[in-house]
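The values are calculated or read from the model by the stated rules, or taken from the named source; none is laboratory data. Small disclaimer: the values here were computed from a predicted structure and weren't measured. When we count neighbours, we look across all protein chains shown, and the Cβ atoms used for this are built from the backbone with ideal geometry, even at glycine.
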Amino acid sequence: MGILDIFKKKKSETGVAETSSASDGANASMLAVLPEQIYESASLELQDIIAPSALKIESKSINLGDKIARTFFIMSYPRFLTDNWFSPIINLDKIFDISIFIHPIDTSLMLRQFQKKVAEVQSQINARNTKGMVRDPMLDTSYQDLEGLRDNLIQAQEKMFDVGIYITIYADNDMELFKIENEIKSILESKLIYIKPALFQQETGFKSVIPINTDLLNIHQKLNSEPLSSIFPFISFDLTSDKGILYGINRHNSSLVIFDRFSLENYNSVTFAKSGSGKSYATKLEILRSLMFDTDVIVIDPEREYEFLAEAVGGRYFNISLSSDHHMNPFDLPIPREDETAEDVLRSNTINLVGLFRLMLGGLTPEEDSLVDRAISETYAIKDITPESDFSNIEPPLLSDFEMVLSGMDGSESIVTRLAKYTKGSWATFLNRPSNVDINKKFVVFSVRDMEDELKPVAMYIVMHFIWNAIRKNLKKRLLVVDEAWWMMKSEDTASFLYSIAKRGRKYYLGLSTITQDAADFMKSPYGVPIITNSSIQMLLKQSPTTIDILQKTFNLTDEEKYLLLESSVGEGIFFAGLKHVAIKIIASYIEDQIITSDPSQILSNKKAKAELEASEIKK
């Protein structure tokens, strides 16, 4: 029993009258059931819940409560159908239902019909030849197609089917319905496939589309097996290419998710996951596999999770803290590239330094901002650094030089007072030193775990700025990983700098990988969504119920994908690459797992085994 039949049944049970009206010259019926009458009858059933509150059947559409529905059928196909021609319709971001009815045809009956049809076409060709008429290519093509298909049917290589495809679209009003109809028609007609509305058969068409497996519309086209297979609507996006790295296993069909981030329009990625869901594990696995494909990797590590990986692959590990021996001078200048001038580099670095001081000093007024900008230029000038200088042979100034210049300017007292904590005392060891960090290695990690929380955003900004200057020196394939990026999103200046790298990284063959467990804080920043839209790859692993609604809205997830993320195990989620996305499971080999694991119990076990091995070696 269909929804409309259920509705009519309930109408008769509750004694509600049926009214009729005329619309566009056609008879229409209006059915209405009052909810009060259903409850008064004390017989609330399933059909009461799923049936609409009112129906109005017209010649071209059906009103279902506050929605309008229109059913179409496919009436004509081209000579050839390409693979996945139905995919653009299936993947439309609209509300619609599709039913595909496939009725097998007896081969012997089809062969008899073909024999008659072949004879008719052959007769027309012979008649034209007898009259001396010019050859008709359409008749010749039809004859060849019929003969070829008849051969395949006799050899059981093909079968014939009556195929009916019905589409019901839904909208809130007639204008929206018209737009959706035109969009679907445009997509199909570009492939020479034509549809028509089921005029005066909207009720029959609607019953044919709803999932009760009843083909009441009965409008079919004959298709053989090969073109029929191209209609199959369930497209499984396999992210398996001939180059790239293995990200994991497709959970739907167990195929390999192999992808090269450097083959997309930009090389950036974002990863969102709750704590303990495997985001760092997945990132370290990507790093390990990327290193094998001649990709330099730089990591900003806020929790000291990448130290063992750096040791295992022979990389460099820098622990950035107030007591560290590693220093980075924010006044360092990169050597200009061929496509830029020294003036461009100096101006860009000045802008970045103003952002740094704004962060260090807890904000600047417009007057102070202008003062700091001028003081930076004069600080470079006292070291004879001007837009005409050769940056390959200079000694950059220090923060104490900047303080000296600033203290000689009127109105700078407040800035100098706030700056003093960075140039004197324990904090001076962090900033007021010449750079002594060399990142000329395939794998480099900067850890800021031991940096005080108050200084952590400043440290991450300076490290990012130092890395950015190093990246601009020479063109190489690189991956920059920013773990726990929500630290940088807390300040507008650090978030803005991260966004600028996301936008400009492609020019320098750089992919930015942004990882965070705090999706809410990341999205609060005005640069959160722009960073996501500038990332061709997105990975969503297991999520918390408190953040899933934000992610569903941002990534336009279906309810099924939402629940998949809530119910996923560690290392499972959804992998987006361009317009494709698949459900993924991260899998590592035993050796990879030993190197990249973040499980504390496993790390302790590995350390114990290592200590025992070293002890046994000493005894020998």
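In segment 461-490, how many are of a type outside the set (A, V, I, L, M) and either over 26 Å from the mean Cα position of the chain (by Cα) or surrounded by fewer than 20 Cβ atoms within 10 Å (Cβ to Cβ) (or both)?
Number of matching residues: 10.
Six or more apart or on different chains, Cβ under 7 Å: which pairs go from a residue in segment 449-471 that's not assigned by TED's automatic domain parsing to the domain that holds Gly363 to one that's of a type in the set (Lys, Arg)? Could you list them?
Going by the 7 Å Cβ cut-off, the qualifying pairs are Arg449/Arg304; Pro457/Lys490; Ile471/Arg478.
Considering Ile98, Ile102, which residue is in contact with a strand residue (DSSP E or B) (Cβ under 6 Å, 6 or more places away or on another chain), under 15 Å from Glu226 (Cα atoms), surrounded by 14 or more Cβ atoms within 10 Å (Cβ to Cβ) and modelled with pLDDT of 80 or more?
None of the others qualify; the one that does is Ile102.
All but one of (1) without any contact (Cβ under 8 Å) to a residue 60 or more places away in the chain; (2) farther than 22 Å from Ile95 by Cβ; (3) surrounded by 15 or more Cβ atoms within 10 Å (Cβ to Cβ) hold for Lys185, so report the exception by its number.
Exception for Lys185: condition (2).
Which of the helices (runs of 4 or more DSSP H) contained wholly in segment 136-213 include at least 1 residues that are under 20 Å from Asp83 (Cα atoms) and within 41 Å of the chain's Cα centre (by Cα)?
Fully inside segment 136-213 and qualifying: 174-189.
For Tyr194, only one of the following conditions fails: (1) surrounded by 18 or more Cβ atoms within 10 Å (Cβ to Cβ); (2) under 26 Å from Met110 (Cα atoms). What is its number?
(1)
May I ask you to verify whether Val444 is of a type in the set (Val, Ile, Thr) and within 22 Å of Tyr499 (Cβ to Cβ)?
Considered against the rule, which asks whether it is of a type in the set (Val, Ile, Thr) and within 22 Å of Tyr499 (Cβ to Cβ), Val444 comes out as no.
For the condition in the same structural domain as Ala428 (by TED's automatic domain parsing) and either crowded, with 21+ Cβ neighbours inside 10 Å or more than 33 Å from the chain's Cα centre (by Cα) (or both), what is the one hit in Ile300, Ile320, Ile287, Ile335?
Criteria check complete, one pass: Ile335.
Please determine whether any residue of segment 254-262 is on the phi < 0 side of the Ramachandran plot, among the acidic types (Asp, Glu) and without any contact (Cβ under 8 Å) to a residue 24 or more places away in the chain.
Among the residues of segment 254-262, at least one is on the phi < 0 side of the Ramachandran plot, among the acidic types (Asp, Glu) and without any contact (Cβ under 8 Å) to a residue 24 or more places away in the chain, which makes the answer yes.
Please identify the pairs in which a residue from segment 105-120 that is touching a residue at least 40 places away in the same chain (Cβ under 8 Å) has its Cβ atom under 9 Å from the Cβ atom of a residue that is in a helix (DSSP H, G or I) and among the basic types (Lys, Arg), counting only partners at least 6 apart or on another chain.
So the pair list comes out as Met110/Arg150; Leu111/Arg150.
Condition check ((1) under 19 Å from Arg478 (Cβ atoms); (2) among the charged types (D, E, K, R); (3) at pLDDT 90 or above) across all residues:
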residue: Ser275; (1), (2), (3): no, no, no
residue: Lys284; (1), (2), (3): yes, yes, yes
residue: Ile287; (1), (2), (3): yes, no, yes
residue: Ser290; (1), (2), (3): yes, no, yes
residue: Asp301; (1), (2), (3): yes, yes, no
residue: Arg304; (1), (2), (3): no, yes, no
residue: Glu307; (1), (2), (3): no, yes, no
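Let me confirm something: among Thr558, Thr547, which residue is free of Cβ contacts under 8 Å to residues at least 60 places away in the same chain and either buried (at least 18 other Cβ atoms within 10 Å of the Cβ) or out of contact with any Ser or Thr (no Cβ under 8 Å at 6 or more places or on another chain) (or both)?
Exactly one of Thr558, Thr547 is free of Cβ contacts under 8 Å to residues at least 60 places away in the same chain and either buried (at least 18 other Cβ atoms within 10 Å of the Cβ) or out of contact with any Ser or Thr (no Cβ under 8 Å at 6 or more places or on another chain) (or both), namely Thr558.
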